[in-house]
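Reviewing the structure listed below.
Bear in mind that the values in this text are calculations on the coordinates, not laboratory data. Bear in mind the structure is a predicted one, so any value in this text is a computation, not a measurement. Methodologically, a virtual Cβ is constructed for each residue, glycine included, from the backbone with ideal geometry; neighbour enumeration extends over all protein chains shown.
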Amino acid sequence: MTEYAAALVTGSSRGIGRAIALALGRLGQSVLVNYVANEAAARETAAGIERAGGRAHLCRADVARPEDRARMVDEMIRRFGRIDLLVNNAGVAVAERRDLLDATEESWDRILGTNLKGAYFLTQRVAREMIRQHEADPARRGKIINISSLSAYASSTDRGEYCVAKAGMAMMTQLFADRLARHGIQVFEIRPGIIQTDMTLPVRAKYEAQIAGGLTPMRRWGEPEDVAEAVVAIVRDHLPFSTGEVIHVDGGFHLRRL
């Protein structure tokens, strides 16, 4: 039987996560498609992976819940026998944009629980499995990719908790890259800019005007597939002597210009 590389992509039923999962399917990988509520969308992603030549398995799990994180990894190993790639993509937006001085602890706990704490402790669990695999077979070198945001460094005072979560993910990338390099595990941060997804739909008109006005040197929306292509470059080992690296997929937003 063919041995497939196996990837766990959180939040892969729609948007950036779906684009990544489909790209991995085209590489012939086995992908655990994680979702929380939209099973129909997750099934569409799984069908696309299998049409592309990969294998797929659905797993309903909330990364903010410890028991769900454990079950997700257990299902991954039981179904595919291995885990070669973790893509921490799952994320939630603020339910209501509020001034920094009016933000609530409830919103903080919700955003940080999914966007940072969930990813942090899922990475911890997966890293232990990748280390075990590497010790059993030194040729097995896992990869971990964190999908963050330009909000890791760009201030938005009406969604401070989201910015803090993404800034935390940036440091989380550095920490795990440092700790896991000795085990042959590479860790990367992909930092998307303004991407056309359900998350940006409520502010689409605002961003369209800003992009047209030159907010980004490349005057277009980013697409989920742009982010997926960066993941593919890492998976194909095009960055063999790098770890802890930030890859900007933002049309040049991060450039300082006069």
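Annotations for the structure displayed:
- The stretch 42-150: relative contact order in percent, alpha carbon pairs under 8 Å with at least 6 residues between: 32 percent
- The stretch between residue 219 and residue 65 holds 51.5 nm of extra length on full extension. This uses 0.36 nm per residue minus the Cα-Cα distance.
- If you take all other residues with their beta carbon under 10 Å from the beta carbon of residue 228, and give Lys and Arg +1 and Asp and Glu -1, the sum is -2.
- Highest mobility in the GNM of the chain, judged by mean-square fluctuation with C-alpha springs under 10 Å and restricted to 231, 63, 246, is found for 246.
- Quarter of the Cα convex hull surface for the stretch 113-258, i.e. its orientation-mean projected area (nm²): 9.6 nm²
- Largest GNM mean-square fluctuation across 116, 24, 58, computed for the chain with C-alpha springs under 10 Å, falls on 58.
- Comparing mean-square fluctuations of 143, 206, 166 from a GNM of the chain with C-alpha springs under 10 Å, the top value falls on 206.
- Kirkwood Rh, angstrom, the stretch 38-107 [1 / mean 1/r, Cα pairs]: 14.9 Å
- Rg and Dmax over the alpha-carbon atoms of the stretch 1-150 stand at 15.8, 58 Å.
- Longest DSSP-loop-exposure-free segment, GluC sites (Glu not before Pro), the chain, at most 11 other Cβ within 10 Å: 97-258
- Label positions at residue 50 and residue 205, each projected 7 Å from the Cα along the C-beta direction, are separated by 4.2 nm.
- For residue 30, the residues 5 or more places off, or on other chains, whose built amide H falls under 5 Å of its own are 5, 6, 7, 55.
- Cβ-Cβ FRET estimate between residue 79 and residue 135, R0 fixed at 22 Å, reported to 0.05: 0.50
- Cross-link reach list, lysines versus residue 166, counting only Cα pairs under 20 Å and skipping chain neighbours closer than eight places: 117, 143
- Mean separation of Cα contacts under 8 Å, 6 or more apart, over the residue count of the chain: relative contact order %: 18 percent
- Volume per residue of the convex hull around the Cα atoms, evaluated for the chain, comes out as 131 Å³.
- DSSP bridge analysis restricted to the chain gives an antiparallel fraction near 0%, rounded to the nearest 5.
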